[in-house]
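Chemist: One structure, as structure tokens, below. Some questions next.
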Amino acid sequence: MSEFDFDLFVIGAGSGGVRAARIAAGYGARVGICESSRVGGTCVIRGCVPKKLLSYAAHFHEEFEDAAGYGWNVGETSFNWSRLIENKDREIDRLNKVYLSLLKNSGVRLFSEHGKMMSQHEVQVGEEVFTADKILIATGARPWVPDIPGVEHSITSDEAFHLEALPESVVVIGGGFIACEFAGIFNGLGSKVVQLYRGEQILRGFDHDVQNTLATEMQKKGIDVRLHINVIELIKQPDGLITLKLDDGSELQADTVMFATGRVPNVRGLGLQDAGVHALPGGMIPVNEFSQTNLQNVFAVGDVTNRVNLTPVALMEGHAFADSEFGGNPRPVNHRFIPSAVFSHPPVATVGFSEKEAEVHYGKLDVYRSVFTPMKHTLSGRQEKTMMKLLVQASSNKVVGLHVVGMDAPEIVQGFAVAIKCGLTKQQFDQTIGIHPTAAEELVTMRVPVGA
Ligand code: NDP
């Protein structure tokens, strides 16, 4: 009999924590998990899932318009925010229950309490202290907002999912994933949207053709994207409107101001320092390729670590941890060529390097780019372009970057990510026959590099 209450205790029941707990329990480990909010974590409760549902809702607006070119008279349409939020909440409740039953059926003991490390082998959960051979920290991250006067009058994505009514006007601050996604959601649902970004172009770090195409298309849809600008103060007016003072001396007014200025790891009150777990200045927990912290029996996965902040990455890290520590199958997670998508309007999806990064890593490149009107918009008349781009290392012919902005981009790129991960060459892309008529076939039919 082990000297510990549990073989594994997991702090945080989001994507990474639940996956690790279930898999470890499946290997016969005695597993406990604690969660101070709702089981499911950011992705299920206040992230990817509700965001995608709102994004679907926002797309209908254009679908109704596009239908006319196909002979449909749609008639008058109207939108009911409360019904959307109620239906979205019902779906989140369903998924929360699925997560709860997954834990129960795998024999994991759930504690609906905050967890705090008391030592390398002890976790305090509510009034009780449990001992565990191994501890996994999977507490995720939360929105971060800059400390400016009046910031309390703003919201973050957490609150955006529960607004009482659709705002008439919204200012979204930030140029990253969440800012671009919510600018598209509010705009599609009918709010007047201004997006403010402090830098040169939105989606910093993405390929420059992706950045420029998305900014242009968002502007065409009516989003007022303003660059090189910062908010310095928010003032709530007696009528409820918020005045934003900007650093170029101008002002804006809106009924909702949403900061999407990044996220910080949830490490407050975790007892990391007392337990001896090393964290970086921003709170991120550094780990090795096996998700191990500086303490040999303490591990961390997901957004609380210093790695890529994406749900499927957390799932992979949690699964690999459980396989390694409890399944007799030690396997590191390979973080190369992780595909990702921004569910903006239009969406973006990408795998591999941007042109700038690829030049640094791979030297001379052959760049293939295609900008075209998707077939659907021949009859709809919508002036929306799709952009596809392939980056090929000239010396090896390997495709090292693939980028799409346009309808269905995330669905298209998921499949191509397998090819990129396997290191396929442009020649192998060329030998693949396209599916006609699709937009995706463009990725296997681009023959002439840019500038050739
Ligand atoms: P991001 O890091 O993507 O973007 C943060 C944005 O805020 C950047 O544009 C940044 O500017 C800006 N910013 C930061 N600090 C300030 C400041 N003080 N004043 C003004 N602007 C500021 O964070 P998000 O919150 O959008 O998302 C967090 C992470 O969550 C993402 O990186 C992603 O990993 C994940 N995520 C993934 C999604 C998906 O897969 N579809 C969806 C949502 C989130 P700058 O560029 O200059 O630093």
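The values are calculated or read from the model by the stated rules, or taken from the named source; none is laboratory data. Since the model is a prediction, treat every value here as computed from it, not as a measurement. Backbone-built Cβ (ideal geometry, glycine too); neighbour counts: all protein chains shown.
Let's see how each residue does on (1) exposed (fewer than 14 other Cβ atoms within 10 Å of the Cβ); (2) more than 25 Å from the chain's Cα centre (by Cα):
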| residue | (1), (2) |
| --- | --- |
| 94 | yes, no |
| 107 | no, yes |
| 113 | no, yes |
| 117 | no, yes |
| 126 | yes, yes |
| 132 | no, yes |
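Chemist: Going by the structure shown, is residue 304 surrounded by 15 or more Cβ atoms within 10 Å (Cβ to Cβ), in contact with a Leu (Cβ under 8 Å, 6 or more places away or on another chain) and modelled with pLDDT of 95 or more? Steps first, please.
Modeler: Numbers: surrounded by 15 or more Cβ atoms within 10 Å (Cβ to Cβ): yes; in contact with a Leu (Cβ under 8 Å, 6 or more places away or on another chain): no; modelled with pLDDT of 95 or more: yes.
It is false that residue 304 is surrounded by 15 or more Cβ atoms within 10 Å (Cβ to Cβ), in contact with a Leu (Cβ under 8 Å, 6 or more places away or on another chain) and modelled with pLDDT of 95 or more.
Chemist: From 222, 249, 269, grab the single residue that is modelled with pLDDT of 95 or more, surrounded by fewer than 13 Cβ atoms within 10 Å (Cβ to Cβ) and touching a helix residue (DSSP H, G or I) at 6+ places or on another chain (Cβ under 8 Å). Break it down stepwise before answering.
Modeler: Values: 249 fails: touching a helix residue (DSSP H, G or I) at 6+ places or on another chain (Cβ under 8 Å); 269 fails: touching a helix residue (DSSP H, G or I) at 6+ places or on another chain (Cβ under 8 Å).
The unique qualifying residue is 222.
Chemist: If you check 206, 290, 299, which single one turns out to be touching a strand residue (DSSP E or B) at 6+ places or on another chain (Cβ under 7 Å), assigned to a loop (DSSP other than H, G, I, E, B) and either in contact (Cβ under 8 Å) with a residue 24 or more places away in the chain or of a type in the set (A, V, I, L, M, F, W, C) (or both)? Walk me through it before giving the result.
Modeler: Working: 290 fails: touching a strand residue (DSSP E or B) at 6+ places or on another chain (Cβ under 7 Å); 299 fails: assigned to a loop (DSSP other than H, G, I, E, B).
Going through 206, 290, 299 in turn, the sole match is 206.
Chemist: I would also like to ask the following. So residue 206 passes all but one of these: (1) more than 9 Å from the ligand (Cβ to nearest atom); (2) within 25 Å of residue 60 (Cα to Cα). Which condition number does it fail?
Modeler: Exception for residue 206: condition (2).
Chemist: Examine region 9-24 for a residue that is exposed (fewer than 14 other Cβ atoms within 10 Å of the Cβ) and at positive phi, and state whether such a residue exists.
Modeler: no
Chemist: Give region 237-277 a look and list any residue that's within 16 Å of the ligand (Cβ to nearest atom), outside any strand (DSSP E or B) and under 14 Å from residue 150 (Cα atoms), or say none.
Modeler: none
Chemist: State whether one or more residues within region 143-150 are more than 16 Å from the ligand (Cβ to nearest atom), surrounded by 18 or more Cβ atoms within 10 Å (Cβ to Cβ) and not aliphatic (A, V, I, L, M).
Modeler: no
Chemist: Shifting gears a bit: Mind listing whichever residues of region 418-437 are touching an Asp or Glu at 6+ places or on another chain (Cβ under 9 Å) and β-branched (Val, Ile, Thr)?
Modeler: We begin by selecting, within region 418-437, every residue touching an Asp or Glu at 6+ places or on another chain (Cβ under 9 Å); these are 426, 433-435.
Matches in region 418-437: 433, 435.
Chemist: Kindly indicate whether residue 225 is part of a strand (DSSP E or B), within 16 Å of the ligand (Cβ to nearest atom) and either touching a His at 6+ places or on another chain (Cβ under 7 Å) or without any contact (Cβ under 8 Å) to a residue 40 or more places away in the chain (or both). Give the steps one after another, and end with the answer.
Modeler: Values: part of a strand (DSSP E or B): yes; within 16 Å of the ligand (Cβ to nearest atom): yes; either touching a His at 6+ places or on another chain (Cβ under 7 Å) or without any contact (Cβ under 8 Å) to a residue 40 or more places away in the chain (or both): no.
In short, no.
Chemist: Okay, moving on. Among all residue pairs at least 6 apart or on different chains, which show Cβ distances below 6 Å where the first residue, located in region 395-421, is over 26 Å from residue 218 (Cβ atoms) and the second is among the small types (Gly, Ala, Ser)?
Modeler: Going by the 6 Å Cβ cut-off, the qualifying pairs are 398/423; 400/352; 400/358; 420/352.
Chemist: Hey, another quick one. Identify, by number, the condition in (1) under 19 Å from residue 252 (Cβ atoms); (2) away from the ligand (no atom under 13 Å from the Cβ) that residue 171 doesn't meet.
Modeler: (2)
Chemist: Okay, next question. With the condition kept exactly as written, say whether any residue in region 349-371 is surrounded by fewer than 13 Cβ atoms within 10 Å (Cβ to Cβ), in a loop (DSSP other than H, G, I, E, B) and not acidic (Asp, Glu).
Modeler: Checked region 349-371: at least one residue is surrounded by fewer than 13 Cβ atoms within 10 Å (Cβ to Cβ), in a loop (DSSP other than H, G, I, E, B) and not acidic (Asp, Glu).
Chemist: Another question about this same structure. Taking region 337-348 as the search range and keeping residues that are in contact (Cβ under 8 Å) with a residue 40 or more places away in the chain and assigned to a loop (DSSP other than H, G, I, E, B), which one is farthest from residue 411 (Cα to Cα)?
Modeler: 337
Chemist: Sticking with this one: I'm told residue 234 meets every condition in (1) within 15 Å of the ligand (Cβ to nearest atom); (2) within 23 Å of residue 350 (Cα to Cα); (3) over 19 Å from the mean Cα position of the chain (by Cα); (4) not polar (S, T, N, Q) except one. Can you identify the failing condition by its number?
Modeler: Against the list (1) within 15 Å of the ligand (Cβ to nearest atom); (2) within 23 Å of residue 350 (Cα to Cα); (3) over 19 Å from the mean Cα position of the chain (by Cα); (4) not polar (S, T, N, Q), residue 234 comes up short only on (2).
Chemist: Then there is this: Evaluate the following for residue 313: is it closer than 25 Å to residue 262 by Cβ, without any contact (Cβ under 8 Å) to a residue 60 or more places away in the chain, within 16 Å of the ligand (Cβ to nearest atom) and surrounded by fewer than 18 Cβ atoms within 10 Å (Cβ to Cβ)?
Modeler: No; evaluated as a whole, the condition is false for this residue.
Chemist: Sticking with this one: Give the residue, chosen from 191, 157, that is of a type in the set (Gly, Ala, Ser), within 13 Å of the ligand (Cβ to nearest atom) and either touching a residue at least 60 places away in the same chain (Cβ under 8 Å) or touching a strand residue (DSSP E or B) at 6+ places or on another chain (Cβ under 9 Å) (or both).
Modeler: Sole residue among the options that is of a type in the set (Gly, Ala, Ser), within 13 Å of the ligand (Cβ to nearest atom) and either touching a residue at least 60 places away in the same chain (Cβ under 8 Å) or touching a strand residue (DSSP E or B) at 6+ places or on another chain (Cβ under 9 Å) (or both): 157.
Chemist: Could you figure out which of (1) within 16 Å of the ligand (Cβ to nearest atom); (2) hydrophobic (A, V, I, L, M, F, W, C); (3) closer than 20 Å to residue 20 by Cβ isn't true of residue 123?
Modeler: (1)
Chemist: I've got another one for you. Which numbered condition trips up residue 179, out of (1) surrounded by 24 or more Cβ atoms within 10 Å (Cβ to Cβ); (2) touching a residue at least 60 places away in the same chain (Cβ under 8 Å); (3) away from the ligand (no atom under 11 Å from the Cβ); (4) not basic (Lys, Arg)?
Modeler: Answer for residue 179: the failing condition is (3).
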